[in-house]
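Read through the structure below, which is laid out as structure tokens, and then see the notes.
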Protein chains: 6
Amino acid sequence: MPAQHDIASAENIARRRHGQNVLSQIDGHQGEAVVDSLADISPALGHHVAAFAFGDIYDRPGLDPRSRQLVTLGALTALGGCEPQLRVHIGAALNVGISRDEIVEALLHAAVYAGFPRALNATFTARDVFSDRDSAD
Amino acid sequence: MPAQHDIASAENIARRRHGQNVLSQIDGHQGEAVVDSLADISPALGHHVAAFAFGDIYDRPGLDPRSRQLVTLGALTALGGCEPQLRVHIGAALNVGISRDEIVEALLHAAVYAGFPRALNATFTARDVFSDRDSAD
Amino acid sequence: MPAQHDIASAENIARRRHGQNVLSQIDGHQGEAVVDSLADISPALGHHVAAFAFGDIYDRPGLDPRSRQLVTLGALTALGGCEPQLRVHIGAALNVGISRDEIVEALLHAAVYAGFPRALNATFTARDVFSDRDSAD
Amino acid sequence: MPAQHDIASAENIARRRHGQNVLSQIDGHQGEAVVDSLADISPALGHHVAAFAFGDIYDRPGLDPRSRQLVTLGALTALGGCEPQLRVHIGAALNVGISRDEIVEALLHAAVYAGFPRALNATFTARDVFSDRDSAD
Amino acid sequence: MPAQHDIASAENIARRRHGQNVLSQIDGHQGEAVVDSLADISPALGHHVAAFAFGDIYDRPGLDPRSRQLVTLGALTALGGCEPQLRVHIGAALNVGISRDEIVEALLHAAVYAGFPRALNATFTARDVFSDRDSAD
Amino acid sequence: MPAQHDIASAENIARRRHGQNVLSQIDGHQGEAVVDSLADISPALGHHVAAFAFGDIYDRPGLDPRSRQLVTLGALTALGGCEPQLRVHIGAALNVGISRDEIVEALLHAAVYAGFPRALNATFTARDVFSDRDSAD
């Protein structure tokens, strides 16, 4: 019987695939790109982003995707220095139906708790994401 | 004409009162207690919690109270060391209609981004708030 | 009567203009550039940077601009990941009469509390600001 | 077939039990107490502390327990506000064979990167853990 | 010749004593209490708080004590979870001639950069320090 | 007798040289580059990186270099926004005998405590360092 930590076991391949399906429904390619981009350096980190973060947690029924993305925007803005992850999750927020105006409002709201510098950095990241979407149209 | 920074001006008294009304609709007494508790040490901080945080920002129409509280829970969990503010905002989350199960789920979701220690501290704070509510019934 | 949160009301236009005047006295163009740069993506965030951060808080008489900038340098260094805001505020520190040597000393002092990596990042940002000033002469 | 997120599935019960076994080998009762203490408020968080943090990650063969605890001490000291988790992991560090002197030295080392206040708080937490051990003898 | 790291060498005893003198001039007993309180658990951390933080850095001529304490208040407020160190440094701020009103104003100013929760926690700590001083009179 | 803070004193030149020797043994040129790169902007910060961080702390006998680097990786990953310092210390970790696989595993381990975004940023930094080493061969 393979060890639980063995990411090449049938069970873990199934868990990872399920997480990738959850991720695909939210964020077509950019999120999956994060997982792929880890294949050479840390396949286990890529596995757990998919299997744990999306398969185990994001997919839980207790909170709708819109609510999850609002929590995520608050957390990533407050953490700071997470601009690459904010890009992914601002995109995911759009994908689950949060409007551009609501995203910008959420980042303004976060200024009260995390301070203006964090909110400014997050807002400039949002502009980049929106701009990329406009260019892709 | 009084200076903009003069918190005793008629304009600022009106702004503060409006913010306190917004706050009262969300969080009856506990939130207002924060403002009152600043009267002796920093009335200006109390003013801006009411006038700015609630009157200017929270009251904006671009995001519903439920969404604002989800962003706040994400931010406060990620910041860490904000247990007193988490108590106020877990209470406010309940008041705007977020269920206990959804709050607990939001804090589990935050573990992915802010790590397990932050999520554990926030979850234990949620238990205290729920327990206080049960005792008050 | 317009809502308090309406940033297009006469009251809020006056509050924003006052904040922009405060900002102009400290930091000629770079600070105002931050406000302008938000016009397309989050005019409300730009409004509150001017009206709240500068008009309400910075302009208060209880602390001189030199002291405010020292608090700001300590806070931004400790937060980390706020290099764009550090650029603005190292420039503002120079503008209110804090010397280059004092700024560099303040960032060394912050190393004791925020650790060497944060102090190093802030010091390299200071070098960029000083270098830009030299080039502009 | 039960959903991956269903913590009552046979697969997840097995994953959780495995994680609890890993945890028991490191930290007899205090670590398990964290899991038990979540049973009423967030059984899913308790599940993932056991199944993910210990069963999936801690148990991986790529890094020995001593090394894992050193990384953990560095991370928890730098995060700040994680004194309850530091208590658990300073105890776990002792259990995997890191001496008291080495733990204290690790926290002094962290002062260089995270600043003296974080190192002081972590060191006072270490004293509490050592003192509890002495009392228990 | 003793190693540089040997805190019992004559050179390091002199460095530590000098740092303790610097500290005594700022903060009579409370700061020294921090050093003494480390004697049993981490004498090396106590040594470096005195010899490095106060003897090497605080004593440098490039910035006056008032300015150093303002940077420190900004950094400690932004870090969060450093209430014990804030107590010491709010006391030190009073000792170097920063008034109660200026301290409270500095913490309000920090709210712009570090968010309201951090400013609230720091302000409540200031109230405790002021109250202790009043009781001691 | 020169002041303790005088970094041009014979004593401080000796302390700095000793720290630079410690640093050279760990990290040939990249670490020393950090010190040199501060010569124009903050020689005192460069002095204390060498004399304090490496001469006073890193050189202490109570913890082996491997253990110190593991604490450092945990701390820098958790702090966030310290990618330049992570580059130096991932290189130093390789130099003291921590394998690439162990470094990547340490960063995955840190995800449990500091969250996935911090671990992702650190892992991408590790890839850059490894890639630079491969190019240099």
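Read the figures in this text as sums done on the coordinates, not as results from a lab. The shown structure was predicted, so the numbers you read here are calculated from the model rather than taken from an experiment. Quick reminder, even Gly has a Cβ in these numbers, built from the backbone with ideal geometry, and neighbours come from all protein chains shown.
Brief remarks follow.
- Label 7 Å beyond Cα on the Cβ vector: C:Ala39 copy-to-copy distances, nm: 4.5, 4.6, 4.6, 6.3, 6.5
- For chain A, a simple Cβ point-charge model (Lys and Arg +1, Asp and Glu -1, everything else neutral) yields a dipole of about 260 debye relative to the Cα centre.
- Minimum Cβ-to-axis distance in chain E for the rotation onto chain A, with residue, whole Å: E:Gly115, 2
- Shown here are the Rg and Dmax of the Cα trace of the protein assembly as shown, at 25.5, 80 Å.
- Degrees, to the nearest 10: C:65-79 long Cα axis against longest axis of chain C: 70
- Principal axis extents of the Cα atoms in chain E, from largest to smallest and rounded to whole angstrom, are 52, 33, 29.
- Adding -39500 (n - 2.57) for every DSSP H run of four residues or longer, then dividing by how many residues chain A holds, sets the calculated 222 nm ellipticity at -22000 deg cm²/dmol.
- Candidates E:Arg60, E:Arg100, E:Arg16: whichever shows maximal mean-square fluctuation once chain E is modelled as a Gaussian network with Cα springs under 10 Å: E:Arg60
- Cα centroid of region E:78-137 to Cα centroid of region D:8-42, whole Å: 41
- Across chain B, C-alpha contacts under 8 Å between residues 6 or more apart give a mean separation that, scaled by the residue count, equals a relative contact order of 20 percent.
- Among C:Val49, C:Val71, C:Val34, residue whose mean-square fluctuation peaks in a GNM of chain C (springs only between Cα atoms under 10 Å): C:Val71
- Farthest toward positive dipole pole in region D:29-83 [+1 Lys/Arg, -1 Asp/Glu at C-beta], among D:Leu63, D:Val34, D:Gly80: D:Leu63
- For chain E, built as a Gaussian network whose Cα springs stay under 10 Å, the top-fluctuating residue of E:Asp36, E:Asp59, E:Asp101: E:Asp101
- Between copies, the label points at C:Ser99 (set 7 angstrom from Cα along Cα-to-Cβ) are spaced 2.8, 4.9, 5.5, 5.5, 6.6 nm, reported in nanometres from shortest to longest.
- Cβ-vector label at 7 Å, D:Asp132, separations to other copies in nm: 2.5, 2.5, 4.1, 4.5, 4.9
- With a cut-off of 12 Å on the backbone N, no residue of region D:7-23 is near the modelled label site 7 Å out from D:Ala39 along Cα-Cβ.
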